[in-house]
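A short reminder: the numbers here are calculations on the coordinates, not readings from a lab. From a predicted model like this one, the values you see are computed outputs, not experimental measurements. Quick reminder, even Gly has a Cβ in these numbers, built from the backbone with ideal geometry, and neighbours come from all protein chains shown.
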Amino acid sequence: MSPEFLLTQLLNGVQFGLLLFLMAAGLTLVFGIMSFINLAHGSLYMVGAYLAALTYGRTESFVLAVVAAIIGLFVLALILDRLALAALYRRDHLDQVLATLGLVLFTNELVTVVFGRSPPFLDIPPALAGTVALGGGLAYPLMRLAFIAAGVVVAVGLWLLIARTRVGMLVRAGADDREMVDALGVDVHRLYMLVFALGAVLCGFAGVMSAPLLAVQIGMGERILITAFVVIVIGGVGSVRGALIGSLVIGMSDAFGRAYIPVALSQIMPPQYSDPLGASLISASAYILMALVLLFKPLGLAARG
Amino acid sequence: MKAPLLRLTAICALGLAAAAAHADVKIGFLGTFSGPAAALGQDQYDGFMLALEQKGGKLGGTPAKVIKEDDQLKPDLGVQLMQKLIEKDKVDIVTGVTFSNVMMAVAKPLAASELIFVGSNAGPAPLAGKECNANFFFTSFQNDNQSEVLGKYATDKGFKKLMLLAPNYQSGKDQVLGFKRFYKGAVAAEVYTQLNQPDYSAEIAQIQAVAPDAIFAFFPGGMGVNFIKQMSQSGLVKKVPLLTVSTVDGTTLPALKDAALGVFAGAAWGPDLPSPTNAAFVSAFEKKYKRIPSQYAAQAYDAALAIDSALAKTKGSTADKAALRTAMRAADFPSVRPGFKFNHNGFPIQDQHVFEVAKDAQGRVSLKKIATPLPAHQDAYAAECPTK
């Protein structure tokens with residue numbers, strides 16, 4: 001395998017990792033700080049993508065689509081928080097799982113009613129169409145490079161927010177000891193709302209950035225949500241740094257697994273065994289990784305001590 | 001809690017009973033109407049209902065009532081709903097069925113009921129071969145057909161080095177098998193991806209590294225949108241012929257538009273097939289639903305026409321199963337596919353075409369027929385079917 005192929009897979013891994021990070025960052029904060037399991041997190045991602053497709057369809061402007069998804073998700077998060085979720089924060093996890101699963105089904109149906117069953121159209125913005133030659137006959141789509149750039153900017157921004165601001169300090173404190181923050185007189189519900197809205201906006205951003213790459217369809221969020229949960233377990237619940245590490249680990253293992261596992265297996269066994277085994281191993285790789293991490297670092301890779 | 005539920009059930013039952021009193025022939029329509037693959041079931045239903053509407057709500061001159069059920073792409077739920085249609089609703093004919101796994105699951109209760117079944121999409125191999133049933137008819141195609149025609153096309157074109165991609169599940173493997181049945185060149189690589197995988201960047205890098213003469217791909221539904229979008233973004237669609245099955249069709253083209261231009265598709269039906277029935281069907285469908293019909297809509301439209309023709313012969317009676325079966329077998333209806341007829345296993349003998357995604361006369365992205373590598377084609381399993 002050529003170095004260009006290696007570079008392509010490296011970029012693929014980073015790109016998928018950053019998509020997972022956008023999802024997992026919100027998820028880990030909401031889970032870590034609010035101890036709230038939100039299965040509807042994936043639905044927020046889907047809504048972001050649909051809002052983007054709708055805006056793009058009307059205005060043909062990708063910038064407006066990004067703005068619409070971010071504002072739309074922020075508003076949606078506030079509404080959801082008021083209407084449904086605030087009542088659930090103090091309930092146990094089973095109630096939260098059931099209620100947010102209901103929300104997933106509800107959102108899926110609502111999107112079906114509003115947009116129909118076929119995936120809507122969203123093209124790559126012309127400025128980001130085309131490819132960049134990597135040499136050796138390999139080319140890399142500009143849109144994916146843009147995704148990586150945007151993901152890096154968000155990751156850095158999030159780090160600054162969490163590590164350098166007062167709000168970030170409260171968020172970190174909340175992740176470590178919720179009761180103590182509450183006892184010190186911080187308005188915990190406002191903090192919750194903020195964290196939830198931040199998570200939703202990140203989701204919306206993930207949705208709008210993936211929309212040109214992926215099919216905008218009902219149920220697109222559920223699949224990635226499962227992987228995002230794996231990411232936060234690997235990284236350590238409540239840690240944004242952990243979410244970033246976990247995302248990149250899963251992204252890389254996915255990209256390199258898909259590229260090399262089938263080839264490696266086909267060299268040691270006949271194709272009728274290696275093809276299905278390879279495909280199964282790739283699907284399972286994220287969970288195998290999670291099991292290994294849980295075995296050796298049960299609190300996640302980012303956990304101290 | 002219990003009383004309102006009972007009342008509701010009672011009302012529903014009354015409603016059903018009242019409806020049943022008016023309709024003379026009851027059609028059970030089982031399809032997939034929820035989840036990511038729901039567009040297929042919806043198109044089947046719309047195509048069927050369009051034909052029914054054109055016939056003034058009658059099939060074979062008898063008022064028809066369609067009872068629609070959503071199997072949610074779950075075989076166990078499909079079986080329950082099939083039993084409900086057969087035992088509770090007491091339908092006379094069953095049609096629809098979107099996916100093969102549901103089809104295989106409902107085949108048993110269907111066979112036991114001895115009802116006439118007219119499938120309008122799923123066409124699994126066992127039902128075409130050893131497990132065929134004289135009461136089952138399929139206005140779609142046997143699953144392998146669309147890949148077979150592409151295999152023949154690839155051979156005709158002289159492609160020597162192919163790369164095959166499909167999701168890692170039964171249908172994916174069947175499609176690859178169907179393709180290889182007619183493709184005589186070498187296979188450089190076979191890649192099986194995860195089912196419902198959204199991202200194909202790793203596979204696309206492999207394609208670039210292998211540099212095949214052409215690619216064969218089977219990615220139905222949303223997977224197809226993902227795959228084609230990403231192929232197009234990598235600039236590969238313009239460089240390497242991309243032969244696809246169930247990947248670019250009426251349900252995914254609206255989401256892909258120009259990104260799919262130049263992609264090839266194997267199918268038995270396309271909107272530009274030259275037949276008067278087809279032209280009328282396409283324009284009526286577009287007028288009613290404001291979109292280009294997909295092959296699923298066309299197949300279901302034919303299912304309705306087939307039932308209509310059979311019931312016309314039996315004067316609306318479904319009591320004499322043998323007479324109805326013979327009338328169905330005759331396929332005496334103006335199909336949207338010229339030359340359509342039923343084989344002895346209930347599957348079609350029909351032309352299999354290759355289409356290219358291109359702009360139609362109105363500038364919309366659609367399918368354009370470019371070749372008919374397998375005329376009057378029958379499936380590979382018919383010989384194993386004992387039905388005469």
Calculated from backbone phi, Karplus (6.51, -1.76, 1.60) coupling profile of the stretch A:290-300 in Hz, x at Gly/Pro: 4, 4, 5, 4, 4, 5, 9, 9, x, 8, x
Principal axis dimensions, largest first and in whole angstrom, of the stretch A:50-151 by Cα: 56, 30, 24
C-alpha long axis of helix B:201-210 to longest principal axis of chain B, angle in °: 50
Pairwise Cα inverse-distance average, inverted: Kirkwood Rh of the stretch A:1-83 (Å): 14.9
Beta bridges by DSSP in the protein assembly as shown, antiparallel share as percent, to the nearest 5: 35
20 Å cut-off, amide nitrogen to a point 7 angstrom out along A:V263 Cα→Cβ, residues in the stretch B:145-189: B:161-166, B:187-189
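Could you tell me what fraction of 2.2 N^0.38 Å the Cα radius of gyration of the stretch A:151-280 comes to, as a two-decimal ratio? Show your work: numbers first, answer last.
Values: Rg = 19.5 Å, N = 130, 2.2 N^0.38 = 14.0 Å.
Working it through for the stretch A:151-280, the quotient is 1.39.
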For B:D351, residues with placed amide H under 5 Å, excluding near neighbours: B:A376, B:H377
In nm, spacing of pseudo-spin labels at B:Q362 and B:D320 (7 Å Cα→C-beta vector): 4.5
Where the Cα pairs of chain A fall when distances are cut into 10 Å bins, in %: 6, 25, 34, 24, 9, 2, 0
Distance cut-off 19 Å, percentage of C-alpha pairs in the stretch B:315-388 lying past it: 55
Aspartates and glutamates whose Cα lies under 18 Å from that of B:K180, excluding same-chain neighbours fewer than 8 positions away: A:D275, B:D144, B:E148, B:D156, B:E190, B:D213, B:D379
Residue list for the stretch B:151-193, given a label point 7 angstrom along the Cα-to-Cβ vector of A:S280 and an amide N cut-off under 16 Å: B:168-170, B:173, B:192-193
Cα-only Debye scattering, the stretch B:303-356: base-10 log of I(q)/I(0) at q = 0.16, 0.31 Å⁻¹: -0.49, -1.25
Computed over the stretch B:162-222, Cα set: Rg, Dmax in Å: 11.3, 31
Neighbour-count order for B:Y169, B:Y192, A:Y140, fewest beta carbons within 10 angstrom listed first: B:Y169, B:Y192, A:Y140
Long-range amide H partners of B:S366 with built H, under 5 Å: B:A358, B:K359, B:D360
Leading residue at positive end of dipole, the stretch A:116-219 (Cβ point charges), from A:A183, A:A127, A:S210: A:A127
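With a cut-off of 8 Å between alpha carbons and a minimum separation of six or more residues, what is the relative contact order of chain A in percent?
Relative CO of chain A lands at 36 percent.
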Where the Cα pairs of the stretch B:78-117 fall when distances are cut into 10 Å bins, in %: 31, 64, 5
Descending Cα extents along the principal axes, chain B, whole Å: 64, 51, 43
Cα gyration tensor, the stretch A:187-243 - rounded (a/c under 1.5), prolate or oblate: oblate
Distance between the stretch A:23-38 and the stretch A:243-273 - C-alpha centres, whole angstrom: 28
Rg/Rg_globular for the stretch B:80-197, with Rg_globular taken as 2.2 N^0.38 Å and Rg from C-alpha atoms: 1.28
Approximate spin-label separation A:R223-A:L292, in nm, with each point projected 7 Å along Cα-to-Cβ: 2.5
Rg [Å, one decimal], Dmax [Å, integer] - the stretch B:194-273, C-alpha atoms: 12.0, 38
Phi to ³J(HN,Hα) by Karplus 6.51 cos²θ - 1.76 cosθ + 1.60 over the stretch B:165-173, Hz, x for Gly, Pro: 10, 7, x, 7, 8, 3, 4, x, 5
The stretch A:119-218 - Rg (one decimal) and Dmax (whole number), Cα, Å: 19.1, 61
³J(HN,Hα) computed for each position of the stretch B:44-50 - Karplus, 6.51 cos²θ - 1.76 cosθ + 1.60, integer Hz, glycine/proline x: 4, 5, 4, x, 5, 5, 5
Rotationally averaged projected area of the protein assembly as shown (alpha carbon convex hull; nm²): 32.4
Residue-span extension gain [A:T112 to A:E179] - 0.36 nm each, minus C-alpha spacing: 20.0 nm
Kirkwood Rh and Cα Rg combined as Rg/Rh, the stretch A:154-212: 1.07
Two-site label geometry, B:Y289 and A:T59: point separation in nm, points 7 Å out along Cα→Cβ: 3.2
